[in-house]
Each structure stands twice: as C-alpha cells, then as structure tokens.
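A short worksheet on the structure shown next.
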C-alpha cells in the first residue's frame, strides 16, 4: 500500500523523451516533500504537449522530406498557408525555427535534424499500428537531395533516373553541384541525402560505398594528327591541351586551396617518368568541368585527358576520337556518401541500394 507520505508519478520512457511527451511510462513512488515540485514540472510538460497537434509532426516530417512549403502542401492536400501556419505553431511549441529559407529550399536547423529521425520513426510505428502495413519507400511521395559532380550527373545518375522511372514514379530528385569540401558539410547539415564523387579521408559519421573505378583516355577531334600513327609522350606534348580542374576530389589539399585533384596530362607525364624526364605540355585552356571540354576539342587540335565512360558518352554525341594514353593511366574511384543518420532512414537506405543496383547499367 502507498503511504500518505508518498505520491505516484508517471516517469517518462525512452519513447516519451524522444517526443518530449509527459505521462508515458511506468509508476514511481515520489516522497511527498518533492511532490509539489514534480507536479509543477509534469504540469508544464503537459501544457507543452497540449500545444502540439499530431498533425504538426506530419507537416514537419513532410517538410524534412521535401524541403518545400509548396511541395508539402501538395503532398498533404492543404494550402501553402496552412503548411506555414502549422510550422509556425510547431516553432512556438518547440522553441526553434526548424526550417530556414535558402536558395536551395527550406533548410532544417540543427534542432530539426535532431528531431527528424525520432519523429519519422514514431509516425511510421503509428501508421503500422493503425494500418498493419509498413510503408514502402518505392511507393512513397518523397524528394531526395543529391550532391554530385558533373561526371556523376552525366555517367552515374542517368541509369538511376531510368530505374526510378519504372520502379518509383513518385520519387523526385533534386541534384546540386557538390565538391569535396561542400559534400561533408551538406550531409552534416541535412542539405543532402546522398553525395556522389571522388573522396579521400572523411570524418566520423559519414558512410561511404564505392560505385565504380574510372581510368583516363585521350580525347581529340576526329581526323586529329594523333589519330595517324603511334601515340607517344613526345608527340602528345606537341599539342596544346585542355586542363580540367574540378574541385573537391583528392589533391591540392596540401596547398590549402582546396581546389581538388587536377586531371591533367602533364601531371600524368611526370608520374610516369618518375620525375627523371621533364616533359610538360602546354595547358592552353583551363576549364572547371568535363562538360566544357568537347567544344574546344571539336574546333582545334587540342587534346584532353577524360574519364573513359564520360569520353565514350562525349564521342557518341560529337565527332571525337579516343586514344589510349602513352603512360600509366590514372585511376579514380567514385563513391556515394551519406550521413550515419541515414542508416535509420528506410528511404535513404532504399536509395543507396537503388543507386548501387543501377551501376550495373553503366558501361
């Protein structure tokens, strides 16, 4: 029997703590001298809970998935103003901005990122309890944000889009440019769900999985002098070339510039010769991405070193000739990255698997 010197309090369970809910848990005997203090605490928590409608969490989860008030309103079949009003109520209850407008959409705050996984898990469990069916990521209405290099946009993502068109018609992709330095920050801030590129060391909390390995070929216009006769290092340096300096891969970190690994012929020459023979070609043009190379090659005798798969794609759309380099070709590994928080997100894990499967369709 409980004496007069004690009272009964509902102690929060782990689920209650995750949702900031009071009054869920098991019984605990509390001394009378602490009863008033505890009652005031529980009352405050209860008042806080009463301010939050479960529908507000649905709006929050939809915003986390799509990062757009307009898209959320379409998904939830309400007006954009209703979504904005719901977010305003949730902000007041939680005491945080939750989402901040940016050029790439509504970006979640740190507090929103902390809430995202437990809220989604709670809603999924509630849906399962009510319907008896687990949600299927391929059938869900969702927008995924992907950071990618121009190589990934040309070679890696098209097979994924083709696959999703058949298997997940309601899934949308928002792809943004991403270099190595930005990639990790975007994942940590929740700005992207997945990043594709070439990376070296990564901080704790970032998952990685290799997609494919790439080698270089030499690209020139059709009828170029190099297409006649054997290609040697000496002949190659006679012609000016286009140097591609993409940012955010593996090299140039030591100089503090963060400009990324240079995919350039003279660097490969130097490595092949072991520094014993100084063969350096003339870099007539420097461009920031591979997509800019083809026009220069078509209209001149310039040469360029390109990733093989991208070069094959370019040659299929322009009169280019591809030649084996007269040196040990550089090898680059392309990977996909996601934040460890995505391990608890069935949608992100589904997308990771779909991308891995789609690589089989890359030549």
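Readers should treat all values here as calculations from the given coordinates under stated rules, not as data from a laboratory. Just so it is clear, the model here is predicted, and its values are computed rather than measured. Note that each Cβ is placed from the backbone with ideal geometry, even for glycine, and that neighbours are counted across all protein chains shown.
A few remarks follow.
- The range 106-249 - percent relative contact order, Cα under 8 Å, separation 6 or more: 26 percent
- Relative contact order of the range 87-147, defined on C-alpha pairs under 8 angstrom at six or more residues apart (%): 15 percent
- Residues 193, 96, ranked from the fewest to the most other C-beta atoms within 10 Å, line up as 96, 193.
- Put in order of Cβ neighbour count within 10 Å, fewest first, the listed residues 241, 339, 224, 317 become 317, 224, 339, 241.
- Ranked 151, 327, criterion: other C-beta atoms within 10 Å, fewest first: 327, 151
- Across the range 54-131, the mean sequence separation of Cα contacts (distance under 8 Å, 6 or more residues apart), normalised by length, yields a relative contact order of 28 percent.
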